[in-house]
Amino acid sequence: MTLNTPVIRLLVAKDWQLFQKQLAFYVLAGIVALCFLGLAKPWAFYVGSLMLLIVMVSAACFSISTSLMVERKEQTLAFVMSLPVSPLDFTVSKLAGNALTFAVPFVVLLGGTLAVVLFTPLPDGLFVYALLIFAYLLFAYAVSLAVAMSVESEGWATFAMIGSMVLINPYIMALTQVPDISERVSVDALVWTTPAVAILATLVVLSLAVLGLTGWFHARKPAFY
Amino acid sequence: MTLAFSLSGIAKRYPHFALQDVSLDLPEGQVMGLVGVNGAGKTTLLRLLTGLAAPDSGEVQVLGHRLPEGQVDAKRDIGFASEDMRLYRGQTLRWHMDLVSRIYPGWDEPYADDLVKRFELRPEQVLGGFSHGQRVKALLLLCLARRPRLLLLDEPTTGLDPVARLEVLEALADVLRDESRSVLFSSHNTHDVEQLADSITFLHKGRLVASADKHAFVDSWRRVVCQGALPAGLDAWPEIASARANGSVVEIKARAWNDQLPARLAAQGLQVQRADPMALEDIFVTAVRSGGVA
């Protein structure tokens, strides 16, 4: 089983070219949100954190829906599949293309958030809390991407995307129920507690496992249909 | 004889449709027209030939590669365009040409430019502004300029206005002058098939109804007008696809016309008045309605 790496690279570059303007917009909106956070005022923190969440969720949904669901709906998928690629090449290109288009705003805004926490009057305890929020977004993105790649139904893909993203609300609520996490948010010190590390590690491992399983599942398909 | 593709004993089942027991060869350099009504199995057959679908049973060989395993190597030499295939609406034709030219080393830029002029396309225009006819031409351009050994076209002229259809057919006719290039194109339009194809294959309800050289095939059919009463059991003759009476006039459509047939009909009390060649469309409709393999 060999990969057609040159064509995979071209398909990833194609996805990047298709979405780069919109992604730049998301990064810009995220930077505006970080500016609000950096003001370190209660109202600005509320506006900034809400805006940051909206931007991250939108970037995740945009990446999946445009590169998979819209491609299927607008029948450009048939064009891609007619190129010299196997189902595995196609899966790898979609996983890599999505990883790239999501990773760019994700990494930029995660880095920006952590920098804002560390270098503004905001309490440093938010550092771990922010990482936990971003880890959940990564997990929700991985689940949404896996479902969108595995089902042809737009309805199920949308349900998985919205469902997993909306669950961030109860997740945040649940985090507030863990004293080792909630009590350290307002402390001006960076403290790694066991529950925080465990949740973080679980979410990262689960995200990678979901993406890995998706790739493995598609690698076994001999044909597209 | 080198084969562009060979299908043997192919079956492919979907929940509401099945392609059954299809065996079909296309010699290199030949043009085959694939005719069938909607849902006959033309698209499924083309998907099998591109490796996009795997057969449930049987073997698919394309350009010397077994599919779907060898689909990447086979698709390097296949140009495939289907009626349900779309290009990226937000990107220009030039962007698509650049993408495809980087994938196919055989991309012929002067030929691509020639096709741009012939099809009167604007390379810098985004595809979202293209008409249906322009989109079809753009897809064909992307297929033809890569100089494929095998061209697979699924309903290339569907939905085109007469002028666009003529332009597309002319471009295809030019391609067909290259004797090493093989073409399979599907259509409901039997006129297109009659114009371009060397051989004809009829598909109906997932089964191969007929596959033969175009001239020999068309020549084997006749519409026979007779005087007399319609004898019972005429439909059961293997040479007869259909027979119906209108008063004392009997119209017979014969799928295997031969010189002995008038005498045999006369022995049944039918006087043959005339035996006319049939148009491909009439042959197709008759073959499909009679349900038998021609």
How do the pairs read when you match residues in region A:37-50 that are assigned to a loop (DSSP other than H, G, I, E, B) with residues anywhere that are among the hydrophobic types (A, V, I, L, M, F, W, C), using Cβ under 6 Å and keeping only pairs 6 or more apart or on different chains?
-> A:A40/A:L122
Does A:F19 meet the test of being in a helix (DSSP H, G or I), under 30 Å from A:F79 (Cβ atoms) and in contact with a helix residue (DSSP H, G or I) (Cβ under 6 Å, 6 or more places away or on another chain)?
-> yes
B:V249 vs. criteria under 14 Å from B:A275 (Cα atoms), aliphatic (A, V, I, L, M) and touching a residue at least 40 places away in the same chain (Cβ under 8 Å) | no
Please work out if A:V12 is more than 10 Å from chain B (Cβ to nearest Cβ) and over 30 Å from B:G70 (Cα atoms).
-> no
Residues within region B:83-112 that are of a type in the set (F, W, Y), part of a loop (DSSP other than H, G, I, E, B) and either loosely packed, with under 14 Cβ neighbours inside 10 Å or at the interface with chain A (Cβ under 9 Å from one of its Cβ atoms) (or both), tallied | 2
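Condition check ((1) within 14 Å of another protein chain (Cβ to nearest Cβ); (2) in contact with a Phe, Trp or Tyr (Cβ under 8 Å, 6 or more places away or on another chain); (3) within 12 Å of A:Y136 (Cα to Cα); (4) surrounded by 13 or more Cβ atoms within 10 Å (Cβ to Cβ)) across all residues:
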| site | (1), (2), (3), (4) |
| --- | --- |
| A:W156 | no, no, no, yes |
| A:V166 | no, no, yes, no |
| A:Y171 | no, yes, yes, yes |
| A:I181 | no, yes, no, yes |
| A:G215 | no, no, no, yes |
Only one of B:E124, B:E120 is farther than 28 Å from B:H65 by Cβ, in contact with a Lys or Arg (Cβ under 8 Å, 6 or more places away or on another chain), in the same structural domain as B:T43 (by TED's automatic domain parsing) and of a type outside the set (A, V, I, L, M), namely B:E124
By residue number, the members of region A:138-194 that are at pLDDT 90 or above, under 29 Å from A:T120 (Cβ atoms) and of a type in the set (G, A, S) are A:A140, A:A174
Counting only residues that are among the aromatic types (F, W, Y), surrounded by 20 or more Cβ atoms within 10 Å (Cβ to Cβ) and within 14 Å of chain B (Cβ to nearest Cβ), how many does region A:15-50 have?
-> 1
Within region B:250-264, restricting attention to residues that are touching a strand residue (DSSP E or B) at 6+ places or on another chain (Cβ under 7 Å) and more than 19 Å from B:E281 (Cβ to Cβ), which residue is surrounded by the fewest Cβ atoms within 10 Å (Cβ to Cβ)?
-> B:P262
Looking only at region A:163-204, count how many residues are under 23 Å from A:F102 (Cβ atoms) and touching a residue at least 24 places away in the same chain (Cβ under 8 Å).
-> 11
Just for region B:61-82: of the residues that are at the interface with another protein chain (Cβ under 10 Å from one of its Cβ atoms) and assigned to a strand (DSSP E or B), which one is farthest from B:D154 (Cα to Cα)?
-> B:L67
Does B:L172 meet the test of being of a type outside the set (D, E) and at pLDDT 90 or above?
-> no
Selection from region A:67-99 of residues that are in a helix (DSSP H, G or I), in contact (Cβ under 8 Å) with a residue 12 or more places away in the chain, touching a Phe, Trp or Tyr at 6+ places or on another chain (Cβ under 9 Å) and at the interface with chain B (Cβ under 10 Å from one of its Cβ atoms) = A:V80, A:M81, A:P87
In this structure, is A:L3 assigned to a helix (DSSP H, G or I) and aliphatic (A, V, I, L, M)?
-> no
Filter region B:171-191 down to residues that are more than 18 Å from B:F80 (Cα to Cα) and charged (D, E, K, R) and give me whichever is surrounded by the most Cβ atoms within 10 Å (Cβ to Cβ).
-> B:E179
Looking at (1) in contact with a Ser or Thr (Cβ under 9 Å, 6 or more places away or on another chain); (2) modelled with pLDDT of 90 or more; (3) among the charged types (D, E, K, R), find the lone condition where B:R222 falls short.
-> (1)
Could you check, for region B:129-142, whether at least one of its residues is under 17 Å from the mean Cα position of the chain (by Cα), in a helix (DSSP H, G or I) and closer than 21 Å to A:L11 by Cα?
-> yes
Test set (1) small (G, A, S); (2) surrounded by fewer than 20 Cβ atoms within 10 Å (Cβ to Cβ); (3) over 13 Å from A:G30 (Cα atoms) - A:S93 fails condition number | (2)
The one condition in (1) free of Cβ contacts under 8 Å to residues at least 40 places away in the same chain; (2) more than 17 Å from B:P27 (Cβ to Cβ); (3) surrounded by fewer than 22 Cβ atoms within 10 Å (Cβ to Cβ) that B:R147 fails to fulfil = (1)
Does region B:206-220 include one or more residues that are in a loop (DSSP other than H, G, I, E, B) and in the same structural domain as B:H191 (by TED's automatic domain parsing)?
-> yes
Output the residue which, of all residues in region B:32-82 that are over 26 Å from B:V285 (Cβ atoms) and among the hydroxyl-bearing types (S, T, Y), is surrounded by the fewest Cβ atoms within 10 Å (Cβ to Cβ).
-> B:S57
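The values are calculated or read from the model by the stated rules, or taken from the named source; none is laboratory data. From a predicted model like this one, the values you see are computed outputs, not experimental measurements. Glycine also receives a Cβ, built like all others from the backbone with ideal geometry; neighbour counts cover every protein chain displayed.
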